[in-house]
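Take a look at the structure below.
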Amino acid sequence: MIKAVMMMNTQGKPRLAKFYDFLPVEKQQELIRGVFSVLSSRPENVSNFLEIDSLFGPDSRLVYKHYATLYFVLVFDGSENELAMLDLIQVLVETLDKCFSNVCELDIVFNYSKMHTVLDEIVFGGQVLETRSDEVMKAVEEISK
Amino acid sequence: MEQLKTIGRELAMGSQGGFGQSKEFLDLVKSIGESRSKAEEDRIVLSEIDILKRKLLEPDVPKRKMKEYIIRLVYIEMLGHDASFGYIHAVKMTHDDNLLLKRTGYLAVTLFLDEDHDLIILIVNTIQKDLRSDNYLVVCAALNAVCRLINEETIPAVLPQVVDLLNHGKEAVRKKAIMALHRFHRKSPSSVSHLVSNFRRKLCDSDPGVMGATLCPLFDLISEDVASYKDLVSSFVGILKQVTERKLPKSYDYHQMPAPFIQIKLLKIMALLSSGDKSASEMMYMVLGDLFRKCDSSTNIGNAILYECIRCISCIIPSPKLLEDAAEAISKFLKSDSHNLKYMGIDGLGRLIKISSDIAEQHQLAVIDCLEDPDDTLKRKTFELLYKMTKSSNVEVIVDRMIDYMISINDNHYKTEIASRCVELAEQFAPSNQWFIQIMNKVFEHAGDLVNIKVAHNLMRLIAEGFGEDDDDADNKLRLSAVESYLQIISEPKLPSLFLQVISWVLGEYGTADGKYSASYISGKLCDVADAYSSDETVKGYAVTALMKIYAFEIASGRKVDVLPECQSLIEELLASHSTDLQQRAYELQALLALDARAVESILPLDASCEDIEVDKDLSFLNGYIQQAIESGAQPYVSERERSGGMFETTDYHSQDHHEVTSHALRFEAYELPKPSVPSQASTTALVPVPEPSYYSEPHQPISTSSSVSERESSEIKLRLDGVKQKWGRPSYQSSTSASSSTPPQAANGTSTHSDGGGVASSSSSKPRSSYESKKPEIDPEKQRLAASLFGGSSSSRSDRKSSSGGGHKPAKGTANKAATVPKENPIPVPDLLDFDEPTGTSDVAATDPFKELEGLMESSSQDGGGSTDVMGLYSTDASAPVKTTTSVDSLLSELSDSSRGTYHQSQTTKGPNSKEALEKDALIRQMGVNPTSQNPTLFKDLLG
């Protein structure tokens, strides 16, 4: 199960955060900060995986990808495949790129609700729902009609 | 950052509201982006909160504005500030008819509220209505909210609608309905256990996407209960085969792989189903072999599938050919330049090593490279592999490496883990005592404050008891080497407290035992410790007690004791200590110095730290005295319970009741009716079962022998299930059960305390009345020790290692043999379980009918399941969408500054201004306070329509 999806910029400012089990605001902030401090200390050209038991409890893994000014982060448990999760980030980014033609940090900040719409079509209740970005696009367009 | 700033400014000044948002929102984002410190950001957000508070209270806020305010609230909360003042507006927005507004409302609400929030009551009604909507987009929005906002108590309110949606015309809705049902299952398995067959049926849905979604709940269900899904193995294999043969529509391809996420899920499921099952495993050989041939190892997703195959092979009973394929895939991973693939390779190696241990040897060099890699993740994974590979032949190398790494890292969480692994390996494989002590010293020195205190106690016990064999000579050598190493280390600065405790204890116990070191030398060292760590009372306590032992051994052996001046001053200082513990120790030491040799020897005998001390809990040695007192006219002792309630019968379950009540401040269940005094033996079997239905709703056949008492009990349950006071009743009930090892309060009696260590105290104070009570004190400590020795260390499962010189987990001498001979016979839970099973039968409320119903469902579904292989064929006939090559986005994002801003136009649909009516109602709500209670049902009925 996916526990959280986060996007934050390289300054550590959260741009989008979604936790699939409810957490109080303070705890969310703590986790976001914790994840950022780990990510920012990672050197270049290393793997995209992290074992992050210390923040999210036992058997928690994290996959991240760094695009320009943004980190995309997925936190999940042992029932998911790390490489597949890395591709899920790819799916998300590809979809956003289609949505906003050349997605950038600002799009994410200013289109908060659309971001969530896209995300909700891909990940639903912590499970991967759809991985075809065309289908996601179609659904999002339906909604914003 | 600079880019963001300039663009933000341009936008804010140029195309006002270019993103469909107002200038204020842009300004807010911009100023937060520009803020230089957290304090500045906080200031900006706080002023924004003030603005929003004001604006939300204005009358006639247009809906479009309101939507923006709510988005701003969400934004504020994401930055970590409290936006609860606006929750009610988000709730209200979910009631709107406009889809976009409704979605915004739902979005905000799902982010703001947790499932137990009071405002949820106001939303459930809307959700119910929306689930029935004709517009499938509204239904989807509601399903989204269902996943997040519905808790155990509100599941029944939406369950029928969600189940109906499983047959909705749109596959998007069916998918989400399945996911929602899955979520219910995770939250409260009992509430949907009768609907589980739906998942099987949906596996044959005409849409592959829906089938794929069904795999998620099935994965969970199968991991809970493998046996009842064995019949699906052939269906899953069939589906996987068809997916790999590209029978699915082209649109399911991702990077030229056919439906990879479905393949991965299927492989995970089959790994579960075929684990240890030869015939099921054999069914998979073909398709797994195909996968190894077909997977494109040049793409990330292809490797993901390859890795999943390796994982699957490590779970099933593989053929030699498959093992070869897996080993080959692993070596490809390890040889790759990508750190991700190396990581997967190491992980795969760790899994396969369990099956064939020689695989790792081919990759020795690759593994060592990974160990040297700057990537921390990879390094840790490699250490995990080494940990799995450890044998007595390589333990020294591996543990040394681990300790070097442990010293180099700062992450306390991982440091703790790796320290405990070092200890575990050292305990199991230590080639010599010397080495073992050295390793333990290093671990304590560098991670002393992080290791579990048990490790320290284990070490002390080990030194005291030796390595098990009755070889006093070896034991003495071990002790001497420990003492020598500690005397070397002790003068180093800033040792961890736990380590000092161990050192003090060992020096006190064995410092002078060998005769090599004089008492004054050791006691001088101990005084230094107490002086150097004067702020640590525990260490000081250990040091003083160690001093006492040294002196005691001296006195006992008839030598004259010279108390060093610094020791004398230490004792005097401690006599006036603020810590009563230290004070007492100092006084004891002083008193001991004045005693003669014989007395001292019986107080502190040499090397007796591990001898069992027998404690007579019943204080039977006082019996004579009591008898005497009673004969001379004293009142016999009346226990507290007897004193407090004359109306309580003195049977077992009452005593347990009492225990329960005191441990929880409030009790929400009804008190049981007064019972005729039943002999306690009989009552246990009749009473235990009671509230079973609320955990497992699987119906059981009713038991014909239920007594009148149990019938009455079961009618009580029925009341509770009807949910009069569910909100309060259930949670407290659950917490109480978890505390007392799942024995419900009413059912509690002598048996439950068998597994409950806390019960000893209560029982020892009361006179043994029934057979249960009197048995208990004998069994309990034994069992606990047995359980601790069996399950205390994970090492017990790895039998091959145990054979070597280990022994760190040895329990106290007396029980060691017992633990070894009766490992299976862990008697603790047995009586409970037996009693438990019986009671379930008494739930004749729901017993017969649903069972038959379920049976019917299972039959039909399993037939469907068998046919699913054919159904899959249908997919290929579906219209195939053209393949679109996906563009890589990596470079696109970097063009941040160049991309033209003008393209960002968001259509913003708006509706007319807010109706006055709604505002009035809103004002009403606010007047009442934000948390409505059910006392005013008409008001909310009105509000919710």
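The values are calculated or read from the model by the stated rules, or taken from the named source; none is laboratory data. Computed from a predicted model, the values in this text were never measured in an experiment. We place every Cβ from the backbone using ideal geometry, glycine too, and count neighbours over all the protein chains shown.
Worth a mention:
- Within the stretch A:1-112, strands (runs of 3 or more DSSP E) holding 3 or more residues that are basic (Lys, Arg) and in contact (Cβ under 8 Å) with a residue 40 or more places away in the chain: none
- Of the helices (runs of 4 or more DSSP H) lying entirely inside the stretch B:415-522, those containing at least 2 residues that are under 31 Å from the mean Cα position of the chain (by Cα) span B:433-447, B:453-465, B:497-510.
- Number of positions in the stretch B:202-231 that are touching a Leu at 6+ places or on another chain (Cβ under 7 Å), surrounded by fewer than 23 Cβ atoms within 10 Å (Cβ to Cβ) and at the interface with chain A (Cβ under 9 Å from one of its Cβ atoms): 1
- Every condition in (1) of a type in the set (Lys, Arg); (2) in a helix (DSSP H, G or I); (3) at pLDDT below 85 is met by B:Arg585 except one, and the failing one is (3).
- Total residues in the stretch B:238-290 satisfying the condition of being within 11 Å of chain A (Cβ to nearest Cβ), touching a strand residue (DSSP E or B) at 6+ places or on another chain (Cβ under 9 Å) and of a type in the set (Lys, Arg): the figure is 2.
- Among the residues of the stretch B:588-604, those identified as in a helix (DSSP H, G or I) and of a type in the set (A, V, I, L, M, F, W, C) are B:Leu589, B:Ala591, B:Leu592, B:Leu593, B:Ala597, B:Ala599, B:Val600, B:Ile603.
- Filter result (in a loop (DSSP other than H, G, I, E, B) and either more than 7 Å from chain B (Cβ to nearest Cβ) or modelled with pLDDT of 90 or more (or both)) within the stretch A:113-128: A:Gly126
- Where B:Met406 falls short, out of the listed (1) of a type outside the set (Ser, Thr, Tyr); (2) over 24 Å from B:Leu459 (Cβ atoms); (3) surrounded by 19 or more Cβ atoms within 10 Å (Cβ to Cβ): (2)
- Scanning the stretch B:327-367 for residues that are more than 24 Å from B:Lys391 (Cα to Cα) and more than 32 Å from the chain's Cα centre (by Cα), we see that the one that is surrounded by the most Cβ atoms within 10 Å (Cβ to Cβ) is B:Ala329.
- Here B:Val146 fulfils each of the conditions (1) outside any helix (DSSP H, G or I); (2) under 29 Å from the mean Cα position of the chain (by Cα) apart from (1).
- Across the stretch B:554-582, the number of residues qualifying as touching a Cys at 6+ places or on another chain (Cβ under 8 Å) and part of a loop (DSSP other than H, G, I, E, B) comes to 1.
- Only residues that are among the small types (Gly, Ala, Ser) and under 28 Å from A:Glu51 (Cβ atoms) were counted across the stretch A:82-125, and they come to 2.
- Selected residue [assigned to a loop (DSSP other than H, G, I, E, B) and away from every other protein chain (no Cβ under 13 Å)] from B:Asp97, B:Asp130, B:Asp114: B:Asp97
- Among residues of the stretch A:49-77, those that are polar (S, T, N, Q) and either more than 9 Å from every other protein chain (Cβ to nearest Cβ) or under 13 Å from the mean Cα position of the chain (by Cα) (or both), counted: 1
- For the stretch B:245-263, taking the residues that are polar (S, T, N, Q) and surrounded by fewer than 22 Cβ atoms within 10 Å (Cβ to Cβ), the one that is nearest to B:Asp290 (Cα to Cα) is identified as B:Gln256.
- Per this entry, B:Ile310 is not counted among residues that are in contact with a strand residue (DSSP E or B) (Cβ under 6 Å, 6 or more places away or on another chain), surrounded by 24 or more Cβ atoms within 10 Å (Cβ to Cβ), in a helix (DSSP H, G or I) and not basic (Lys, Arg).
- Condition check for B:Val173: more than 10 Å from chain A (Cβ to nearest Cβ) and under 25 Å from B:Glu115 (Cβ atoms): yes
- Any hit, the stretch A:35-45, residues being closer than 29 Å to B:Arg103 by Cα and within 8 Å of chain B (Cβ to nearest Cβ): no
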